[in-house]
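Have a look at the structure below before the remarks.
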Amino acid sequence: MIEAQNILKQFGEPAQTVLHNINLEVKKGEFVSIKGRSGSGKSTLLYILSTLDTPTSGKVLIDGIDISSFSQKELHAFRNLHIGFIFQFHYLIPELTALENILLPPRNINKIKEYTDDAHKLLKRLDIEDVTNKFPAQMSGGQTQRVAIARALIMKPKYIFADEPTGNLDTANGDTVMNILIEENQQRGTNICLVTHDPDYSKMASREISLIDGRIED
Amino acid sequence: MLFLALRQLISKKKQTLLILLGISFGTMLFISISGVMLGLRVYISDALLNNTSHILISGKENYVDTSKITELISNKDEILNWITPPIGKKDEAKINSYQGWVKVIQETPQVFGHTPRLSIPAIAIKGDFEVNMKIVGTIPIEQMKVSQIEDYVNSGSFKNLIGGGNKIILGDKLARDLGVSEGQTIKIFNKDSFFTYKVVGTFKFGDDYIDGASAFANLNDVQMLNKTPGRISEIAVSLYNIDDADEIAQRWSILSEDDVKNWKDANKMFMEMIQMQDAVRFFVTFSVLLVAGFGVYNVLTIMINQKRHEIAILKSIGYGQEKILSLVLYQGLFLGITGGIIGMLLGLTLTTIIGNIDLGFQLGKSNHLLIDYSVSTYVLALIAATISSIVASFLPAYSASKMTPIDIIRGQV
């Protein structure tokens, strides 16, 4: 469960307020989409909820624990084990093969062997077995994004944060990505927070949160 | 992270090769310059040690001390003025307590060998030719332990002096000036009498001043020649490790009135030259490695700028600061060590080639440059290459580790 309490986020000098006093609760197993126009602060909210960014004031509680009380080390370990990120760009490491990219999170805790089987299963499930030993430059856009999703799923995280994961994809690939997310949410009960400006994809979520100018629209 | 570090380097083959080239070139230069310079130093110090030794103990000259005499013959309250103040020497320089010194030397475990010597001026005569020279009486077997003299004997052998019997080994130029060669006899004039000596060899140190005015003979013969049986003027001592000379000489110098000099004090000018060489050697190396270091810095900085997003993603997956730091440092380390090793091999090749060039003239024992191949130079070169690369990679590594994923993803860095 993620709770956001009175989140205020300001940028720059003089301070521009991007998020105004946001109160939000993402319940266990929920699939939440955050929609809004560009500049509405939806990505900023996602990064604050996902521990990557810190609010100017206010608190984020994950499973009841204030994440500002985490040390850098604890935060890294928490992200490693419990959070999966999917971005608009795949951000795969070009020098590593698909399999090696997927195994990056377990590599951080020296558990590659334990997760190799899972990685192969994911490759199969996402229908990208044929790129297992290929480098990102040798894959298509849809394939790279699916490898990136596999990398986000490998640790079986409790939370997945996706920032416009379909933004660079055509409709067919976009649909595939959304289906994977829905499947993950329904089968494993993974909490998913999705930022998108595509109304159709937004509707697929169990709850939609609409941001307008840094405020939640009721 | 080593795995990813290497992958990234391999994917940038051209840059990596260029930097490796830079580092190995620096290392190679250091090794070649050191090899030649240290080789030259061995040559110089060998030559120097033939004249002196690691430590040379010699008797003080016994001058007449005017003020002491004044004190002895005058009353306290009268002032005594000399018309001609007493000047002179009471005796030749000699070591008074040879046995005492032998005891001290034998009790010092660092000593490799030692020999008593008597060094006196004499005139060598052959027919109408006369040459002033210094004749050094020594114990041949011991002298050969104290210096590399046998290597410089170019006809006959230093061993011929063993047993004595008025045999002499002349400097190469001295022999030529007298017009004699091995097997002939010459006359030595000292203290109003002549002795006949048989020339049993010649030596060539390469210094005309020494080669033209010095000779070696058995200690007993020289003592007879000087009419002072049992007298010695100096003790030459060699050590297992030349670097101990300083400390031992200092310790011994307080034991008696005799002069105790280590070879460095005896050859101050040459030591200064060697220090200068060292300074040049290190300066050159430092400059080259500095340039190589900048290369490493450059490549890694560019690499990090190109890989900002990947660093961000690694951090968002949970890779901590120290992991990112080590990712970049490993690359620097790899560049340093690999470049260093390649440089060591190149340096070895280059010095071997230089060492085989025929100079066309005699330098010491051969007509090649003497090259020093000591392991310490190679170790030092590798360490220098590695350290300069690590230092150069630290700044880029640190800035990479400080990047926060959110700044990069937002595109504000």
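The values are calculated or read from the model by the stated rules, or taken from the named source; none is laboratory data. Keep in mind the model is a prediction, meaning the values are calculated, not measured. Here the Cβ is made from the backbone with ideal geometry for all residues, glycine too, and neighbour counts use every protein chain on show.
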Under 9 Å by Cβ, and 6 or more places apart or on different chains, what pairs join a residue from the range A:71-82 that is under 12 Å from A:Thr51 (Cα atoms) with one that is surrounded by 17 or more Cβ atoms within 10 Å (Cβ to Cβ) and of a type in the set (D, E, K, R)?
A:His76/B:Lys315; A:His76/B:Lys323; A:Arg79/B:Lys315; A:His82/A:Lys158
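Identify, from the list B:Leu20, B:Leu56, the residue that is surrounded by 19 or more Cβ atoms within 10 Å (Cβ to Cβ) and in a helix (DSSP H, G or I).
Answer to the check: B:Leu20.
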All helices (runs of 4 or more DSSP H) inside the range B:79-159 with 3 or more residues being within 23 Å of B:Lys60 (Cβ to Cβ)
B:98-106
Sole miss for A:Pro94 among (1) under 20 Å from the mean Cα position of the chain (by Cα); (2) facing chain B (nearest Cβ under 10 Å) is condition (1)
Looking at this structure, is A:Ser40 in contact (Cβ under 8 Å) with a residue 24 or more places away in the chain, crowded, with 20+ Cβ neighbours inside 10 Å and farther than 21 Å from B:Lys307 by Cα?
yes
Over the range B:126-161, the set of residues of a type in the set (Val, Ile, Thr), in contact (Cβ under 8 Å) with a residue 40 or more places away in the chain and loosely packed, with under 15 Cβ neighbours inside 10 Å is none
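Conditions (1) at pLDDT 85 or above; (2) within 32 Å of the chain's Cα centre (by Cα), marked per residue:
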residue	(1), (2)
B:Asp208	no, yes
B:Ala215	yes, yes
B:Leu219	yes, yes
B:Leu225	yes, no
B:Val237	yes, yes
Any chance A:Leu61 is away from every other protein chain (no Cβ under 12 Å), touching an Asp or Glu at 6+ places or on another chain (Cβ under 8 Å) and surrounded by fewer than 17 Cβ atoms within 10 Å (Cβ to Cβ)
yes
Leading residue by the ranking (surrounded by the fewest Cβ atoms within 10 Å (Cβ to Cβ)) among those in the range B:94-109 that are in contact with a strand residue (DSSP E or B) (Cβ under 9 Å, 6 or more places away or on another chain) and within 29 Å of B:Asn241 (Cβ to Cβ)
B:Gln106
Among (1) more than 26 Å from the chain's Cα centre (by Cα); (2) under 19 Å from B:Asp211 (Cβ atoms), the one test that B:Asp128 misses:
(2)
